[in-house]
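The values are calculated or read from the model by the stated rules, or taken from the named source; none is laboratory data. If you're wondering where the values come from, they're calculated on a predicted model, not measured in any experiment. FYI the Cβ positions are ideal-geometry reconstructions off the backbone, even for glycines, and counts take in every protein chain you see. For accessibility, only protein heavy atoms count, side chains too; no ligands or nucleic acids. Shrake-Rupley method; radii C 1.70, N 1.55, O 1.52, S 1.80 Å.
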Amino acid sequence: ATIKPELDFLEVPIAFDIDIDKTLSETGDDTHAEQPLGGIVFQIISNDSGEVVGTITTDESGHASTTGTWMGNGTRPEAAHGSIPYSGHGYTVHEDPATMPAGCKPAEDWTIAPEDMVDGTTLRYQVTNTLVTAQLQIVKLDADTDAPVRQEGFTFSILTADGQPLPTDAWYPEGSYPETFTTDETGTVSLPARLRTGDYLLRETAAPAPY
């Protein structure tokens, strides 16, 4: 007699999930609250094949999760306890820079090691991007001597790259500031607020004699 089981002896792979909370922080202000970032795409890359096995995207609250998906071959086994199957060489998580806000430093890739892949576990990551800002100081130099001109009265305007007035969101924090800035007796002038990353036009609009 031949005895045949009704079901094959199926192997259920070790599988796990990842959760990501994505926030934005701005430089130069330790009191600034981190804000959630939605629409940021993360790629999960197999270190065995080097191929992207799946992607997740943050929602309005900055949260993304692999829960409910399957990033292995074929369809998800009914008894699987996670969405990403075990890999002997681990995975790399890569933030897609094309989905990031302008002026942000991209997060570095990180690796999920095989020893982290406990069946049914959820690995949670807090990923914070930094929005680059800078404080601009103008120093007036003499063209012949290249020495600082210690004289007040040199006036400058900061404009957009195409010569238009700066919008309020060019500044950190947002706000309206004077359209012109004039050097003091040291020949320097510092802008009253930090500028966000971007291209700007610096235009000298007035100079005292003999310049």
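Here are the numbers:
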read-out: Partners for residue 22 among aspartates and glutamates (Cα-Cα distance below 20 Å; same-chain residues under 8 apart left out); value: 30, 34, 59, 60, 95, 96, 108, 109
read-out: Residue 67 paired with residue 1, simple spin-label distance in nm, labels 7 Å along Cα-to-beta-carbon; value: 4.8 nm
read-out: Calculated from backbone phi, Karplus (6.51, -1.76, 1.60) coupling profile of the range 140-152 in Hz, x at Gly/Pro; value: 8, 10, 7, 5, 7, 9, 6, 9, x, 8, 7, 8, 8
read-out: Low-density loop positions, GluC sites (Glu not before Pro), the range 89-122 - DSSP coil, at most 12 other Cβ in 10 Å; value: 108
read-out: Accessible carbon and sulfur surface of the chain relative to its total accessible area, %, 1.4 Å; value: 50 percent
read-out: Modelled FRET efficiency - R0 22 Å, residue 209 with residue 182, Cβ distances, 0.05 increments; value: 0.90
read-out: Label-point gap, in nm, between residue 125 and residue 202 - each point 7 angstrom along Cα→Cβ; value: 3.8 nm
read-out: Share antiparallel - DSSP beta bridges, the range 9-162, percent rounded to 5; value: 70 percent
read-out: Dipole of the range 128-203, positive end: most advanced residue of 186, 135, 149 [Cβ charges, Cα centre]; value: 135
read-out: Residue 118 versus residue 162: modelled label distance in nm, points set 7 Å from Cα along the beta carbon direction; value: 5.5 nm
read-out: Environment charge of residue 94, counting only residues whose C-beta is closer than 11 Å and scoring Lys/Arg +1, Asp/Glu -1; value: -4
read-out: Cα lying deepest toward the dipole's positive end in the range 1-101, options 57, 97, 74, charges on Cβ; value: 74
read-out: Under 14 Å, Cβ to Cβ, from residue 16 - net charge with Lys/Arg +1 and Asp/Glu -1; value: -3
read-out: Summed side-chain charge close to residue 122 - residues other than residue 122 whose Cβ falls under 12 Å, Lys, Arg +1, Asp, Glu -1; value: -3
read-out: Counting all C-alpha pairs of the chain, share separated by more than 23 Å (%); value: 62 percent
read-out: The range 61-144: C-alpha gyration tensor shape, a/c 1.5 cut-off, then a/b vs b/c; value: prolate
read-out: In order through the range 45-60: 3J(HN,Hα) via Karplus (6.51 cos²θ - 1.76 cosθ + 1.60), integer Hz, x for Gly, Pro; value: 10, 6, 6, 6, 9, x, 9, 6, 8, x, 9, 9, 10, 6, 8, 4
